[in-house]
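Visitor: Before I ask anything, here is the structure I am working with.
The values are calculated or read from the model by the stated rules, or taken from the named source; none is laboratory data. Remember, predicted model here, so these are calculated numbers, not experimental data. Reconstructed Cβ throughout: ideal geometry from the backbone, glycine too, with neighbour counts over all protein chains shown.
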Amino acid sequence: MAVAAMPLAALPLTLGITTPSAAAAALIGDDAATVLTHGPTPWAMADNLSGALCAEPKVCREVSYQWIISLGETEVGVDTNVETLDYAIKNLTADGAGDKKIVYAFSGGARVASVWLQDHADDVDAPDADDLTLVLIGNGGRKYGGVNGWWYGDTLLTPTDTQYSVVDVAREYDPIADFPDDPFNVVALANALAAFYYVHLDYSDVDLDDGGNYVWTEGNTTYVFVPTENLPLLQGLRDLGLDSLADRWEGSLRDIIDQAYDRDYLEGVEPQGGLSDDVGTAEITEVSSLRTSLSTSEAVGADAPSADGVPSDVEPDPSTVDEAESSDTLGDTEADDDAAAAEGMATEVADPHEESVDDSELVDTPRSAVKDRTVETGADDAESSAETGDAPDAAPSADSASESTSSTASDED
């Protein structure tokens, strides 16, 4: 594999000016082209990136790759591969594919493509800028996170100042293209080792149009950062069917691992499926507030209480009013005592509800739950009355009837 040795210390990132980018797939286009695949896993190239690069009308052609031995900055085998790739770029054209070419390189092949850009981009017989695009995946020379940069600085990084468009794709935690900034975080290193198999060698499910991808452009280079759903460190457990155990550890381990990465380059970069250019944060906030208001109105319903505690759309029942007025005319002592007892009982029932059910609970608590509590309270009162042998007067005073009605309306709301 054409990668440098693992770094002993993290070097600081050199941040450039970033600009929003269209979906990376749009940069490749749907036109016919000869796609030159190059890398240590030629059998997998057609399936990588969800097969998008070898789908019709594009035609994939394999460019022979020889394994590279990295001895520091001396890379045995790189020059031979560069010569082979240079010949293919300048001479190999698939039937019906036109003049356009795409160099589609993975891992060590991405290193070879980087050297070609450095040594041959300005050749007299090099293709026009509009006729050649490079798509690099798992690139150790990636400016942001590439493993080569941590040990050799800018020496083995992919050039970003040529006339050719480059699409550089990296999966999160890929130890070749997304190496930890802090190599002393042993949990992150263990995750990176597991990610070599589970992430670096598997770009088959990557979709350039996925809304979760982070895409930005610097000069002629478009960077694509693809989030990884599950930690590679725990993927072995998932392979054994122990998903629940892996899920239990996923969050805490991810927090530790992510502390080893400095992703300042993602600040200000929205996922390409996030906010559109036409919708700003203010508009999103306004829509969210409107949805909250509508949800609150639906939860309270048409029977929302008025300032007096009575549903605004409910007219008083004349019979109830008459009954309340007639009860006020009772002047004998026994009736007054019964009314006072009924008023005390109504107050005793209403007070707990007034304390336990506030406005916020009315929005969040299902109406059926409030009614159930009312029924349960009524049942308790009935049971208490049966034990003592007392019963409330059939005609309570107007004050007690009004207070009971308000309590019931509040509970039902």
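Visitor: Answer yes if at least one residue in region 195-202 is part of a helix (DSSP H, G or I), of a type in the set (G, A, S) and in contact (Cβ under 8 Å) with a residue 60 or more places away in the chain, and no otherwise.
Guide: no
Visitor: Still on this structure, I have one more. Considering each residue of region 84-102, count those that are acidic (D, E) and either in contact with a strand residue (DSSP E or B) (Cβ under 6 Å, 6 or more places away or on another chain) or surrounded by fewer than 13 Cβ atoms within 10 Å (Cβ to Cβ) (or both), and give that number.
Guide: 1
Visitor: Taking the conditions exactly as written (out of contact with any strand residue (DSSP E or B) (no Cβ under 6 Å at 6 or more places or on another chain), touching a residue at least 60 places away in the same chain (Cβ under 8 Å) and closer than 17 Å to V169 by Cβ), does D209 satisfy them or not?
Guide: Spelling it out, D209 is indeed out of contact with any strand residue (DSSP E or B) (no Cβ under 6 Å at 6 or more places or on another chain), touching a residue at least 60 places away in the same chain (Cβ under 8 Å) and closer than 17 Å to V169 by Cβ.
Visitor: May I ask you to list the residues in region 56-97 that are touching a Leu at 6+ places or on another chain (Cβ under 8 Å), closer than 21 Å to G140 by Cβ, of a type in the set (A, V, I, L, M) and not in a helix (DSSP H, G or I)?
Guide: Matches in region 56-97: V63 only.
Visitor: Let me ask another. Is there a residue in region 118-130 that is in contact (Cβ under 8 Å) with a residue 12 or more places away in the chain and touching a Pro at 6+ places or on another chain (Cβ under 8 Å)?
Guide: Yes: one or more hits.
Visitor: Go over the candidates L134, L156 one by one and state the one that is crowded, with 21+ Cβ neighbours inside 10 Å, touching a strand residue (DSSP E or B) at 6+ places or on another chain (Cβ under 9 Å) and without any contact (Cβ under 8 Å) to a residue 40 or more places away in the chain.
Guide: Unique residue meeting the criteria: L134.
Visitor: Right, next: Working carefully through the options T285, T281, T296, T292, find the one that is modelled with pLDDT under 95, touching a helix residue (DSSP H, G or I) at 6+ places or on another chain (Cβ under 7 Å) and either surrounded by 14 or more Cβ atoms within 10 Å (Cβ to Cβ) or farther than 30 Å from F179 by Cα (or both).
Guide: Unique residue meeting the criteria: T296.
Visitor: Mind listing just one residue for me: the one in region 181-194 that is in contact with an Asp or Glu (Cβ under 9 Å, 6 or more places away or on another chain) and part of a loop (DSSP other than H, G, I, E, B) and, of those, surrounded by the most Cβ atoms within 10 Å (Cβ to Cβ)?
Guide: Among them, the one singled out is D181.
Visitor: Give me the residue from region 79-108 that is of a type in the set (A, V, I, L, M, F, W, C) and modelled with pLDDT under 95 and, out of that set, farthest from the chain's Cα centre (by Cα).
Guide: Taking the candidates together, the pick is L92.
Visitor: Kindly evaluate F179 against the criterion of being over 17 Å from Y104 (Cβ atoms) and in contact (Cβ under 8 Å) with a residue 60 or more places away in the chain.
Guide: yes
Visitor: Condition test on T160, is it closer than 21 Å to A25 by Cα and at pLDDT below 95?
Guide: Yes; evaluated as a whole, the condition is true for this residue.
Per-residue answers, yes or no, for (1) at pLDDT 90 or above; (2) not hydroxyl-bearing (S, T, Y):
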{"residue": "M6", "(1), (2)": "no, yes"}
{"residue": "P12", "(1), (2)": "no, yes"}
{"residue": "L15", "(1), (2)": "no, yes"}
{"residue": "A22", "(1), (2)": "no, yes"}
{"residue": "A26", "(1), (2)": "no, yes"}
{"residue": "A32", "(1), (2)": "yes, yes"}
{"residue": "T37", "(1), (2)": "yes, no"}
{"residue": "T41", "(1), (2)": "yes, no"}
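Visitor: Related question: Provide a single number: the residues in region 210-250 that are among the aliphatic types (A, V, I, L, M), within 16 Å of Y197 (Cα to Cα) and within 16 Å of the chain's Cα centre (by Cα).
Guide: Of the residues in region 210-250, 1 are among the aliphatic types (A, V, I, L, M), within 16 Å of Y197 (Cα to Cα) and within 16 Å of the chain's Cα centre (by Cα).
Visitor: Restricting attention to region 106-157, report how many residues are in a loop (DSSP other than H, G, I, E, B) and in contact with a Leu (Cβ under 7 Å, 6 or more places away or on another chain).
Guide: 5
Visitor: For the list (1) buried (at least 19 other Cβ atoms within 10 Å of the Cβ); (2) part of a loop (DSSP other than H, G, I, E, B); (3) on the phi < 0 side of the Ramachandran plot, I need the number of the one condition that G211 fails.
Guide: (1)
Visitor: Being basic (K, R), touching a Pro at 6+ places or on another chain (Cβ under 9 Å) and over 23 Å from A44 (Cα atoms) narrows it down to one of K101, K90, so name that one.
Guide: Sole residue among the options that is basic (K, R), touching a Pro at 6+ places or on another chain (Cβ under 9 Å) and over 23 Å from A44 (Cα atoms): K90.
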